[in-house]
1. Give the residue, chosen from 99, 63, 90, that is modelled with pLDDT of 95 or more and either surrounded by 10 or more Cβ atoms within 10 Å (Cβ to Cβ) or at negative phi (or both).
2. Just the residues that are closer than 17 Å to residue 15 by Cβ and more than 14 Å from the chain's Cα centre (by Cα), please, taken from region 28-55.
């Protein structure tokens with residue numbers, strides 16, 4: 001087990017991105033060569049407050065680095081050139097509101113979350 005821990009700690013970087021965390025880990029093969037694992041870990045919270053993580057892993061070997069890097073660069077450049085760097089996926093989240101809707105919704109939430117009691121009645 002100690003050998004396995006040593007192999008897993010060759011080099012590691014962590015990128016935290018909201019509910020997702022990305023791990024970039026350099027590991028060693030049985031032949032003592034290096035490869036990269038990229039792990040996406042996403043946190044899911046249940047209604048009772050408990051949570052679990054869902055993980056996806058990619059194994060990337062040296063012989064694929066150049067092509068992988070080239071294709072990743074082309075794909076990310078394409079996205080940024082076509083759509084810019086503004087994040088628009090938030091619009092599709094169920095709790096997303098446009099900025100001008102916030103004030104109206106707050107009023108509706110406030111008035112609908114209380115009973116019809118006037119301060120004069122207290």
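The values are calculated or read from the model by the stated rules, or taken from the named source; none is laboratory data. Keep in mind that what you see is a predicted model, and the values were worked out from it rather than measured. So basically every Cβ, Gly included, is an ideal-geometry build from the backbone, and we count neighbours across all protein chains shown.
1. Just one listed residue meets the conditions, 63.
2. Selection gives 36, 37.
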